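The values are calculated or read from the model by the stated rules, or taken from the named source; none is laboratory data. Everything numeric in this text was worked out from a predicted model, so none of it was measured. With ideal geometry, Cβ positions are generated from the backbone for all residues, glycine too; neighbour counts draw on all protein chains shown. These accessible areas exclude ligands, DNA and RNA; they are computed on the full protein's heavy atoms, side chains included. Shrake-Rupley method; radii C 1.70, N 1.55, O 1.52, S 1.80 Å.
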Amino acid sequence: MKQIVFSGVNKYYGAFHALKDIDLAIDKGSFVALVGPSGCGKSTLLRSLAGLEKITGGDISIAGEVVTALPPRRRDVAMVFQSYALYPHMTVEENLTYSLKVHGVSKAERKRAAGEVAATTGLSGLLHRYPRELSGGQRQRVAMSRAIIRNPKAFLFDEPLSNLDAALRVHMRKEIRALHDRLGATSVYVTHDQIEAMTMADHVVVMRAGVIEQQGRPLDLYDKPANKFVAGFIGSPAMNFIPATVEEGGRVTVDLGAGPVELAVAVAAPVGARVLIGIRPEHLTLTAPGDGRLVAAVAFTESTGFTTFVSTATTPELMVVETGRRAVASGDRVGLAFDDASVHVFDAETEQRL
Ligand SMILES: Nc1ncnc2c1ncn2[C@@H]1O[C@H](COP(=O)(O)OP(=O)(O)OP(=O)(O)O)[C@@H](O)[C@H]1O
Ligand SMILES: [Mg+2]
C-alpha cells in the first residue's frame, strides 16, 4: 500500500521553479532517502509534504487522503530537523510530551508515554535533564523521541545527523534505521550524503535542480545509473568518465593517447557518435604498463590504510583506481585493466545511459 503519493507536484518561489513535476509513491513501511546536491529541492519536497510549504500545482496524499489543502497539524506527520528544535526551558520529559499536553492528554498518561518512548530510544536516565545538559547525539534522540511519541503516519527527517561527528553519525544511522524497523514506520529522509542514503534506505530518490533524475533500490542505482549525473553522484570515489567514439556495428573505442582500444560493448548509436564510458574505481586494476587495456601515468596516491586510491593523469580528467597497498609513486607508468562487463556507456550529448 502507498502511504505517501506526490502526483505532478510543482513548486515555485516567485519565478523560481523549485520542484518540477514530481511523481513519487512511497510504500507503507519503507525508508526512502531523498538525496542530491545543495539547492536541488530536497527540503522543499519534504516541507511540502509536511505542509510547511504551499505547493503551486499537483497533489500530495498521505495514507489515502489528499492533504494538499490541509495545514501541517492536520497531516499527522512528524518532522526531525538537523537543529533538533528542542525547547531549551523544558526538561527532556516536557519536550517529549509537549504535543500530548497541547492535545489535552492527562499528566499520568503523558508520564507513561514518555517512559515508554525513552526506554526505546535509550533516554530513560535523562528525562529530568535540560537540552543544554545533553550531548549532540542525545539531543537528536530527544528530537526523534518527540516524533515517535505522536505515533505519526510518517517520519520526515531533514539532514538530522549533520551536526554530529563522523563516528556518531555512523552509529546514529544504524539507530534510526533500527528504530524505523521496530516501529514499522514510514520514513522520508533527506540527506546530501549518498553513503547515508545508500546504507539506510530501501528506496533512493536522486534529485537535481528540482527534478527526480532517478529512483530505485540503492544497488539498482549503483549498478544501472540512468544518466551521467546519477552515475557520478552515487559511489565514492566517483565513477571515472572517459570520452570514446562509436565505430561500425555500435562498437566503442577509447583512446588515451596510446592508440585506440576497442571495448567489448555494443551500443545502439550511429558511427562517429561521441559517448562517455564510465568505470568505477573498484573495477579498475593496476598492471604493468604493457599488460593493461590502457596506459597512464600516476599523478598521486591517497591511502586510507585499507585501500589506496591511485589517480592517473589521463585526459580530460584524472582517473581514480581503487587498489590494495601498492608501491606506486607519482610519475610511474601503469597499465589499467578492467572487465568490459563493468563498463557503463552514456551519450556525450544527452548524458543518458545507452
Ligand atoms: N523561501 C524561499 N524563497 C525563494 N527560494 C527558495 C526558498 N526556499 C528555498 N529556495 C530555493 O529553492 C531551491 C531548493 O531549496 P531547498 O532548500 O529545497 O534545497 P535542498 O536540496 O534542501 O538544499 P540543501 O542540501 O542545501 O539543504 C534552492 O535554490 C533555494 O535557494
Ligand atoms: Mg535542505
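What separates the Cα centres of segment 247-275 and segment 188-223 is a distance of 31 Å. Here the extension length gained between Glu65 and Ile195 equals 43.5 nm, from 0.36 nm per residue of separation less the Cα-Cα distance. Give me log10 I(q)/I(0) at q = 0.11, 0.13 Å⁻¹ for segment 240-347, Debye formula, one equal scatterer per alpha-carbon, no solvent. Ignoring solvent entirely, the Cα scatterers give -0.33, -0.46. For segment 285-337, the calculated P(r), taken from all Cα-Cα distances in 10 Å bins from zero up to the bin holding the longest distance, is 29, 60, 11 percent. Loop-located trypsin sites (Lys or Arg not before Pro) in segment 229-330 (DSSP state not H, G, I, E or B) with no more than 14 neighbouring Cβ atoms inside 10 Å: Arg325, Arg326. Would you please classify the overall shape of segment 160-311 from the alpha carbon gyration tensor, given that a ≥ b ≥ c denote the square roots of the eigenvalues, rounded means a/c under 1.5, and beyond that prolate means a/b larger than b/c while oblate covers the rest? Judged from the Cα gyration tensor, segment 160-311 comes out oblate (a/c at least 1.5, b/c at or above a/b). Among 242-250, 150-158, sorting by the average number of other beta carbon atoms lying within 10 angstrom of each residue, highest first, gives 150-158, 242-250.
Within the set of other residues whose C-beta is less than 9 Å from the C-beta of Arg353, count the net charge using Lys and Arg as +1 and Asp and Glu as -1. So the environment of Arg353 carries a net charge of 0.
Taking the Kirkwood radius as the inverse of the mean 1/r across Cα pairs, report the Rg/Rh of the chain. Let's see the in-between values first.
Numbers: Rg = 24.6 Å, Rh = 23.0 Å.
A ratio of 1.07.
Need the C-alpha centroid separation for segment 138-168 versus segment 51-101, integer Å. Spelled out, the Cα-based centre of one part sits 13 Å from the other. The label-point distance for Thr307 and Arg132, in a model that sets each label 7 Å from Cα toward Cβ, rounds to 4.5 nm. When you count the other C-beta atoms within 10 angstrom of each residue and take the mean per peptide, 258-271, 80-93 line up highest first as 80-93, 258-271.
When the chain is fully extended, how far beyond the present Cα-Cα distance does Asp27 get from Tyr98, taking 0.36 nm per residue of separation? Before the final figure, lay out the partial values.
Numbers: separation 71, 0.36 × 71 = 25.56 nm, distance 2.97 nm.
My answer for the length gained is 22.6 nm.
Once Rg and the Kirkwood radius are both taken over the C-alpha atoms of segment 1-143, their ratio Rg/Rh works out to 1.03.
Using a probe of 1.4 angstrom, how much of the accessible area of the chain is carbon and sulfur, in percent?
Details: 8630 of 16400 Å².
The computed percentage sits at 53.
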